[in-house]
Amino acid sequence: MKSQFKLFVAGILVAVMTVGAFAQASVIKQRKEKMSAIGSAQFRVLGGMVKGEVPYDSAKAQEAIKTMKTSIVGFADLFPVGSETGEKTEAAAKIWQDKAGFVAASAKFEETLAAQAANAGKDLAGLRAAFGAINGSCRSCHENYKRPG
């Protein structure tokens, strides 16, 4: 009876550890997907327009901003304790050491996107101004909370 109980407990522990590892991998994957969506909207769509690689299009600029705004919502919540490593994460340890600062940086990016949405949709000059402000917000967070490399 005791050996069956021990086996049962061991089985439960393995299951819990497996679920925990899966959950960690899942949040890392989610945050990578969100960053990928933001990067694509920022650099392919908006950056392409700013560089003159594609013609300026107000609707596409606004859609790119909308994609970025949607992707950043809840982003800071995807860094629970235990997700510091795995799946080649680029998240710096400072995220967990300075969680309040990271949450504030994420909120600042949301605010920047909201403030620059109208500029991005106005004309190319407005998009260029918006793009500079958005990049500055991204750079600030990445310099502090992304692993170099």
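Residue count for the stretch 117-135 under the criterion of being in a helix (DSSP H, G or I), touching a residue at least 24 places away in the same chain (Cβ under 8 Å) and not basic (K, R): the result is 9.
Looking only at residues in the stretch 84-96 that are free of Cβ contacts under 8 Å to residues at least 60 places away in the same chain, surrounded by 13 or more Cβ atoms within 10 Å (Cβ to Cβ) and not acidic (D, E), the one that is nearest to R147 (Cα to Cα) is A92. How about the stretch 137-147: which of its residues are without any contact (Cβ under 8 Å) to a residue 24 or more places away in the chain and either within 15 Å of F43 (Cβ to Cβ) or not in a helix (DSSP H, G or I) (or both)? Those that are without any contact (Cβ under 8 Å) to a residue 24 or more places away in the chain and either within 15 Å of F43 (Cβ to Cβ) or not in a helix (DSSP H, G or I) (or both): R139, H142.
Comparison of K69, K60, K51 shows that the only residue that is among the charged types (D, E, K, R), surrounded by 15 or more Cβ atoms within 10 Å (Cβ to Cβ) and closer than 20 Å to A125 by Cβ is K60. Among the residues that make up the stretch 124-131, is at least one of them modelled with pLDDT of 95 or more and under 21 Å from N144 (Cα atoms)? Yes, the stretch 124-131 has at least one match.
Scoring A100 on the criteria (1) within 19 Å of the chain's Cα centre (by Cα); (2) touching a residue at least 24 places away in the same chain (Cβ under 8 Å); (3) outside any loop (DSSP other than H, G, I, E, B) leaves a single failure, condition (2).
The values are calculated or read from the model by the stated rules, or taken from the named source; none is laboratory data. Every value quoted in this text rests on a predicted model; they were computed, and no experiment measured them. Positions of Cβ are backbone-derived with ideal geometry, glycine not excepted, and every protein chain shown enters the neighbour counts.
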